[in-house]
Amino acid sequence: MTLDEISITLVYSAMAVYAIAFIAYAIDLARRSAVAASAADAAAASIASAEAPATVGAPATVGATVSGGGTGAVASAKGGRGAASAALSDGASVAYGRSPSLRVGVAMTVLAWALHLAADITRGLAAGRVPWANMYEFALTGTLIITSVYLLVLVVSKHDLRFLGTFITGLVLVLLGIATVNFYVSVVPLPPALQSAWLVIHVFVATSAVGFLALGFALSVVQLMQSRRETMLATAKQVKRSFLATLPDSATLENLAYRVTIIGFILWTFTLMAGAIWAEAAWGRYWGWDTKEVWTFIIWVVYAGYIHARATRGWRGSRSAWLAIIGFSTVMFNFTVVNLFFKGLHAYSGL
Amino acid sequence: MSPRSDPGALSRPDDHIDSPEPSADAASVTQPKLGFTGWVRFAWRQLTSMRTALLLLLLLAIAAVPGSLVPQRSSDPNGVTQYFSDNPRLAPVLDNLQMFDVYTSAWFSAIYLLLFVSLIGCIIPRTKHHFDALRARPPRTPARLARLAGYTERALPEGETADAAITRAAAELKRAGYRVERYDLRGEPSVSAERGYLRETGNLVFHTALLGILVAVGIGGGFGFAGQRVVVEGQSFVNTLSAFDSFNPGRFFNDANLDPYRLSLTDLEAVYETENQKALGQPVDFTASVEITGRDSDETVDGEVKVNHPLRVHGTDVYLLGNGYAPTITVRDAEGEVVFTDAIPFLPQDANLTSIGVVKVPDGMPEQLGMVGFFYPTQTTLDSGAYSSSYPDLVYPVLTLNVYAGDLGIDGGKPTSVYTLDPSTMEQLTGGATGVDSIELMPGQTQDLPNGLGTVTFEDATPDGEPNAADGDYSQSVDRFASFDIHRDPSQGWVLVFAILIIAGLLVSLFIPRRRVWVKAAKRRDGQVVLEYAGLARGEDPGLDEAVAAFADRHAGPAPAADPDHAHDADDAAPASSEGSVAPESAGDPAKPTT
């Protein structure tokens, strides 16, 4: 077996493990919905049995870790098994304790990440250079970075963001699948235009930026769902008992999305500038409105808009979240459609 | 701009989230009629508002899109020509909308110029305000710290007076980079501290540097030029206006500034992949070896131009942007006299360097002669019988020529491309429908021209003494040409400086937290003195709570774990805050003006 064949085998193994992780995360989400529903039922039952004049409109938080210091109606855990069965009215967030499927999901993600990393390294060794010089390799390394950023954030963040695993493993799985099936090219030497130290820096920083922006996108999507749910709660409408009840509130999600996204934005700014410096050496001008440059610029401007929206009255919250979603869509557009179908100087897909 | 109720508030546009809410009255009051200045002020306020800036930003992103969908004259002029011939009806319409020059179009320029005006309108008052803030003292300690973020309290350390504890807190905060100010309110000594002024500095640097880039590109770029020149091995070029094949001067460029140095191409080496079966013939390296001679000296300096490694010489940058073959073709008349001999650059058409070139023989023949040539560095014959090249290097080079006789159309003084031949005023003599075979030559070979016009020779360019075509070695039998871009852009260094400032400003403005911290020795009703700590985030500041807690721990020791008496004290001190738990959720929330 050549190194490249080993790399491919590792990619397929990683994909298999990602698939297991994805299933585990999906089961966890389903379980969250069930917990939210049963908690709500329990609360309703307890309120009914106590005949307490509960103020349903006032959301309060009860959970294993938060003491019930609020003024709302306190529901006693009925037949409480574990931390998950205590809850208040529909408006409450539900504490969500240990979940075996979630732990399986994270463990499998770590395993898949290790396989993925090994695949990436062997591909680099097979090529004798950094493994991000054509579209297959961008996808391989880019998805590796998305997973890495996710795992890094799990370690660093104070909040439990494991619920994002469904999105992360799903995205990585889809992108890896497309890459191996449609974009695969065997190892070929670097064309002269790519023989530069900037290949190492510019492309790596760009893929890292994508990793952070992907996470920001996922958080923004959940933020929008959560905020919709909160609005319905505030207007006392019947709310479907979903897994959202077990997740942080929309303001927390928004802050998390913002923090991840600004890191991505700074990396993207650097990508743009490193690209300009490289373009000056390779093409004789630092900026020439090549299609890829245009889209890099568009992405930068959209995320600049996102950051400004966060500081503009009336734009904070859902509107800025939409900008983050549009921003990541342009990133994906830039990576796929622009690479494959637009004519330009960045013709390095190898396809 | 609008008056501020809080002198400490950041000077931002009215609709910035940190600005005070507009009072409801203002909207309902019937506005007096605006005079001219009133309207100008109104328009200025609108333009410099956050909402306008945001909309302009989004508009800019949208306006940039068409430039990637339609070929642009600046980056892809051939694509534009192609687009016109493919879409003869749509193209003129798009052209009227400046769709082929999006990034210099009136509408695109209008958006970014408005954006930058809006930016200036934001930067100037903020700079002034920030300058004032840098000299102002941190604001008075609020009466009730318990309402603020990260509120925590500690017992006064044994044997220390309230005053001494506050003095020590002030010193420690100062050491930690805070600007501090002592206050003594109603007998309660306190220290008010603020840090992170760099955040706003970074923000202003970032936005000013953006402006700097625009100015550097817009004005500095006008003094430069970009020229293209094809040079065949063994030939040279002098950096003067007339020597360029094409030349794009900046707006303020003066050709007297061209330094007429001489650049000679001694060798162009092309290396192609030969080992990897999946990448046979892929280019691995191109190196142009050149000699540079200055205007006033006979000394020549050797230089090298590679892809990604431009040669920076005499204030210009020389780039190797293309290369190909330049077969040397000699034409003799019926008497055997040489009427034409030159190395003709053939333009590559595909990865294996099948190339097309045109030979124009204006004089010395009964009629002007034109030849359209195809060059195959490694010729193979496809199943269809057509020729093709299977490898980009010189293994089996073949040149085919179709001969035309008539009027080349170059006598009228009309500029024509050396790479195209207009056959409309000429008669085809070989190839195509003529029934006469095209002339087919390998290096060193000569063939007769049709109609007894004379002969044409494909010269073997192999240097003397090396194995040449006659020996069956074609590896050096055809000269190569290099396509050089020669640029001068005096603004480039400035753009780089501003780009670095942008990154630096961005990092500082997004990651340095601007925060206020207060420490107060509060006297409880029972006479006990307790140290209170609280903070205020000014802008995004996720670490505020921890920072306050960490400072309190450092200053007065760790918090006693769940002391019920202690909690009771807190309630006592802050009766207004019913839950005593407003703080945690305010992390990252915008600063509310407090006085």
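Computed from the coordinates by the stated procedures, all read-outs in this text should not be read as laboratory data. None of the values given here were measured: they were computed from a predicted structure. Virtual Cβ from ideal backbone geometry, glycine too; neighbours counted across all protein chains shown.
Just a few scattered comments:
- As a proxy for reagent exposure, B:TYR396, A:TYR258, A:TYR286 were ordered by neighbouring Cβ count within 10 angstrom, fewest first; the result is B:TYR396, A:TYR286, A:TYR258.
- Per residue of B:54-65, other chain Cβ atoms within 10 Å of the residue Cβ number 6 on average.
- Our compactness index for the stretch A:220-306, the C-alpha radius of gyration over the empirical 2.2 N^0.38 Å, is 1.63.
- Based on C-alpha pairs under 8 angstrom that are at least 6 apart in sequence, the stretch B:54-160 has a relative contact order of 25 percent.
- On Cα atoms only, tilt of B:77-86 relative to the major axis of chain B in degrees: 70
- Inter-chain shielding of A:183-196 (mean C-beta neighbours from other protein chains, 10 Å cut-off): 5
- Principal axes of the stretch B:330-380: Cα extent on each, largest first, Å: 39, 16, 16
- Looking at the stretch B:98-189, the trypsin sites (Lys or Arg not before Pro) that sit in a DSSP loop and have at most 13 other Cβ atoms within 10 Å of their own Cβ are B:ARG186.
- Tilt relative to chain B, helix B:492-511 - C-alpha long axis, 0 to 90 degrees, to 10: 30
- Euclidean distance between Cα centres, the stretch B:313-379 to the stretch B:192-212, Å: 59
- For the stretch B:502-523 versus the stretch A:105-164, the gap between their alpha-carbon centres in whole angstrom: 34
- Taking B:ASP163, B:ASP460, A:ASP290, B:ASP422 and counting other C-beta atoms within 10 Å, the order from fewest to most: B:ASP163, B:ASP422, B:ASP460, A:ASP290
- Distance histogram for the protein assembly as shown (every C-alpha pair counted, 20 angstrom bins, percent rounded to whole numbers): 11, 33, 31, 16, 7, 1, 0
- Gyration tensor (alpha-carbon) shape descriptor, the stretch A:189-348, a/c threshold 1.5: prolate
- Trypsin sites (Lys or Arg not before Pro) within the stretch A:90-183, DSSP loop, no more than 14 other Cβ atoms inside 10 Å: A:ARG98, A:LYS158
- Classification of the stretch B:243-353 by its C-alpha gyration tensor yields an oblate form. The axis ratio a/c (a ≥ b ≥ c) is 1.5 or more, and b/c is at least a/b.
- The residue list A:ALA282, A:LEU253, A:VAL302 was ranked by how far each Cα lies along the charge dipole of the stretch A:157-311 toward its positive end, using unit charges on Cβ atoms, and A:LEU253 comes out on top.
- Averaged over A:341-348, number of beta-carbon atoms from partner chains that fall within 10 Å: 2
- Whole-angstrom gap from the stretch A:329-351 to the stretch B:383-400, using each part's C-alpha centre: 32
- Relative contact order (%) - chain B, alpha-carbon pairs under 8 angstrom, separation at least six: 18
- From least to most packed, judged by other beta carbons within 10 angstrom and beginning with the fewest, B:ASP245, A:ASP28 follow the order B:ASP245, A:ASP28.
- Distance between the 7 Å Cα→Cβ label points at A:VAL188 and B:GLU269: 2.4 nm.
- Placing dummy labels 7 Å off each Cα toward the beta-carbon, the span from A:SER242 to B:ASP184 is 6.0 nm.
- Loop-located trypsin sites (Lys or Arg not before Pro) in the stretch B:296-405 whose Cβ has at most 16 other Cβ within 10 Å (DSSP): none
- Alpha carbon convex hull of the stretch A:149-227, projected area averaged over orientations, nm²: 7.2
- The helix-based estimate of mean residue ellipticity at 222 nm for chain B, built from -39,500 (n - 2.57) per DSSP H run of four or more residues and divided by its residue count, is -8500 deg cm²/dmol to the nearest 500.
- Global geometry of the stretch A:273-351, whether rounded, prolate or oblate, following the gyration tensor of its Cα atoms and the 1.5 cut on a/c: oblate
- Two numbers describe the Cα atoms of chain B: Rg and Dmax, which are 38.2, 125 Å.
- Taking the square roots of 5 times each eigenvalue of the Cα gyration tensor of the stretch B:285-414, largest first, gives ellipsoid semi-axes of 32, 25, 13 Å.
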